[in-house]
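Single-structure report; data block below.
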2 protein chains.
Amino acid sequence: MLRKRSNAEEARELFLNAFQPLSSTEILPIEDCDGRILACDIKAAINVPHYRRAAMDGFAVIASDTLGAGSSSPVILNLRKSIEKGACVRVHTGSPMPAGADAVVMVEDTVLHSEKVEVFTQIHPLKNVGEIGEDIQKDDIILKEGHRLRPCDIAILASLGMGSVAVFRKPLVAIIPTGEELVARGKEIREGEVYETNGLMASLYMRKWGGDTKLFDIVTDDPEKIKEAVKRALDADMVIISGGTSVGKRDYVPSVIGSLGNLLVHGIGISPGKPTALGIIKGKPVVCMPGYPVAGLVALYFFARAALRKLGHLPEEQERTVRAVLSEKIPGRIGFKTFARVKLETPYLNTGSRAVPLAIHGAGILSSVSKADGFVIIPESVEGYDKGEEVEVVLIE
Amino acid sequence: MLRKRSNAEEARELFLNAFQPLSSTEILPIEDCDGRILACDIKAAINVPHYRRAAMDGFAVIASDTLGAGSSSPVILNLRKSIEKGACVRVHTGSPMPAGADAVVMVEDTVLHSEKVEVFTQIHPLKNVGEIGEDIQKDDIILKEGHRLRPCDIAILASLGMGSVAVFRKPLVAIIPTGEELVARGKEIREGEVYETNGLMASLYMRKWGGDTKLFDIVTDDPEKIKEAVKRALDADMVIISGGTSVGKRDYVPSVIGSLGNLLVHGIGISPGKPTALGIIKGKPVVCMPGYPVAGLVALYFFARAALRKLGHLPEEQERTVRAVLSEKIPGRIGFKTFARVKLETPYLNTGSRAVPLAIHGAGILSSVSKADGFVIIPESVEGYDKGEEVEVVLIE
């Protein structure tokens, strides 16, 4: 089945169309909602401001009293506690406007002499006055369902006096590392053993991208044990299984998916990452990422992230990219979407910076990712990019 | 003093040169280190892999035994438990190489008949063999001090068997909202009162950008009370004070900074945000952000974020930006770095998308930020950008 290779975009589309976003929501204190997705429209319960206010520090006046004032011909007003003709009242930004006043002269345009205020500018009615509802009108829809809350949006909720808000629940992603050669950190390793890294990496990316995660203990290459772990993982909203996706004698993962649900694709035109498999069990998306760490990372970026977004109502986010000039040729692979690792030469955020390919190593070389700043993605139909060509580099977060 | 206006970049430079990065570090479990900054170089304590391994599923062989094999002329080897001339041993990706074998034939290039293996390709020595230290060489410096750890880097630490790592402590930012008109959420507001929003917004941005925060209770406009709060805040690594930075009668914050330490600048050529003040108390950076929320946001983006980065050894991060075409003219303000809020029309990540200015409202209008997708930054010497001009939009996170 692996030799039958699906197109990367088609596989992703097929996968994403096979499950629904989560509908469950939770109510959280607004200060815990940065990055969370609103689960309902927000209608303003009050006007902001809810009273007529001064928009500057200065003196509230009757605008017509300033008629004829200028920089060399001040009008003189009496400083009072309330407004009457020829009087003014001290206000500061945010003060309620005194009854009868219709404008505010900025303090910079005045000189105060005990009980007299010289006004050096003529102002029109409503100048420097904040009307009721000027910022937010009561009953207006301020933010819509599906909006991802930023700190400045949360400040809006606070300005309405809201203490909590309904957001979509974060998708819970269960992550199952498989492989009889894997050993948990903190243990000694012997010949034939390596430390588990892919499950941890998957867990950290899923959290970074907006999910909650549950990282399972390592499962050995035994189809019954894998099946049992996947069944337990179905409490979660999504499952990622690392390893066991190839065509080796011990690669049981795709057939386990097929036995429990629907194996949609196995063998995808991404390089590295060809052994990736995608499936659905009980309506839940399952990503089988290759055990080779670089291939696993590509599967996370291209498939697991997309599934997480759909589940969690997360908006398509712009990838952080930079444009750079290739220091040498990078070969593509016809029929594969190739993710070539590159290092950017500092100062790497500037135009004209150079991208140095690191593709000399294979998909098993985790350290090549750590040396890489990003991927250059070469489409299926392109033979490669030449030395000196300007390319877009997707930064590895 | 406010009328004396500092250039934005000069003010920032002066400010950043007036304090040192934090030197304190902490040791954390690696799974808690996404986004954290390494406080030491990481030297590999082991080789990865630490044994000679098969890099493919297949059969370990003596390469010279495959001489002459081809797709129509297989060589036949005996399947054994150990290597001898004419024999092969089943291996899978990651298996230790059997003694005497020097290459691996991929399973795809073989056909197995009980105890005999037909090999359809000739391979050279070391083919599909992962040498000791191929990924990471013992004693190599794998990651350097100052590197921001990504999930893929943490996977590298895991591959070395590391359970914890030394990172720089997150800067602790104390945030003091000031203003006698401010009311905490959960209370009723009366005329002349508004809910506190800036302190919350500052706290959420500082956390998003890599700090820890401590949000103080609201302090009224009383210089002694502000002074007392600032003194308590000096337990933190950095202080942000919101409000009270203007020239009104109740704007005591800059003079409090001056009395406790060194007020570096007050009045900066940013629009909105002119009343921003910057100072140093006991070697700790203090940002006084204007009470007007849009101005406060600009001060956070331009000054507080830069200070946090320096304190926390955080690398300069690329802003998320998109290019868009202005739907109408936006005016700059000569002598000011102007932050014009714009909304992007969907699909806003595509080339040729339109940026619609929202600058019709003033700095007091928080809802204009919530409607905005980003800022167009107009330099001090530019009169504005014309309708139809392509501009860079810095997305508001």
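Figures for the structure shown
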quantity	calculated
Unique residue being touching a residue at least 40 places away in the same chain (Cβ under 8 Å), in contact with a Lys or Arg (Cβ under 9 Å, 6 or more places away or on another chain) and over 25 Å from residue B:306 (Cα atoms) when the list is B:235, B:221	B:221
Positions within region A:15-39 being within 14 Å of another protein chain (Cβ to nearest Cβ) and under 16 Å from residue A:144 (Cβ atoms), in sequence order	A:33, A:36, A:38
Residue that is in contact (Cβ under 8 Å) with a residue 60 or more places away in the chain and touching a Phe, Trp or Tyr at 6+ places or on another chain (Cβ under 9 Å), where the choices are A:39, A:63	A:39
Yes/no for residue A:170 being crowded, with 21+ Cβ neighbours inside 10 Å and basic (Lys, Arg)	yes
Condition check for residue A:298: surrounded by 24 or more Cβ atoms within 10 Å (Cβ to Cβ), in contact (Cβ under 8 Å) with a residue 40 or more places away in the chain and either out of contact with any Ser or Thr (no Cβ under 9 Å at 6 or more places or on another chain) or in the same structural domain as residue A:145 (by TED's automatic domain parsing) (or both)	no
Residue match in region A:285-302 (condition: in contact with a strand residue (DSSP E or B) (Cβ under 9 Å, 6 or more places away or on another chain) and more than 21 Å from residue A:238 (Cβ to Cβ))	yes
Region A:210-232, residues that are farther than 30 Å from residue A:36 by Cα and buried (at least 21 other Cβ atoms within 10 Å of the Cβ)	A:219, A:226
Unique residue being within 12 Å of chain A (Cβ to nearest Cβ) and either in contact with a Leu (Cβ under 8 Å, 6 or more places away or on another chain) or of a type in the set (Val, Ile, Thr) (or both) when the list is B:89, B:104	B:104
Subset of region A:35-81 [of a type in the set (Lys, Arg) and under 30 Å from residue B:209 (Cα atoms)]	A:36, A:43
Hey, residue B:47 at pLDDT 95 or above and not charged (D, E, K, R) or not	no
Within region B:142-242, strands (runs of 3 or more DSSP E) holding 3 or more residues that are among the aliphatic types (A, V, I, L, M) and modelled with pLDDT of 95 or more	B:164-168, B:172-177, B:238-242
Residue check for residue B:61: within 11 Å of another protein chain (Cβ to nearest Cβ) and among the hydrophobic types (A, V, I, L, M, F, W, C)	no
Selected residue [more than 10 Å from every other protein chain (Cβ to nearest Cβ) and farther than 30 Å from residue B:102 by Cβ] from B:192, B:146, B:199	B:146
Residue under evaluation residue B:296, criteria (1) touching a helix residue (DSSP H, G or I) at 6+ places or on another chain (Cβ under 6 Å); (2) more than 25 Å from residue A:159 (Cβ to Cβ), criterion not met	(2)
Residue in region B:129-137 that is touching a helix residue (DSSP H, G or I) at 6+ places or on another chain (Cβ under 7 Å), more than 30 Å from residue B:170 (Cβ to Cβ), buried (at least 18 other Cβ atoms within 10 Å of the Cβ) and within 11 Å of chain A (Cβ to nearest Cβ) present	yes
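The values are calculated or read from the model by the stated rules, or taken from the named source; none is laboratory data. Remember, predicted model here, so these are calculated numbers, not experimental data. In this analysis, Cβ positions are derived from the backbone assuming ideal geometry, glycine residues included, and neighbour counts consider all displayed protein chains.
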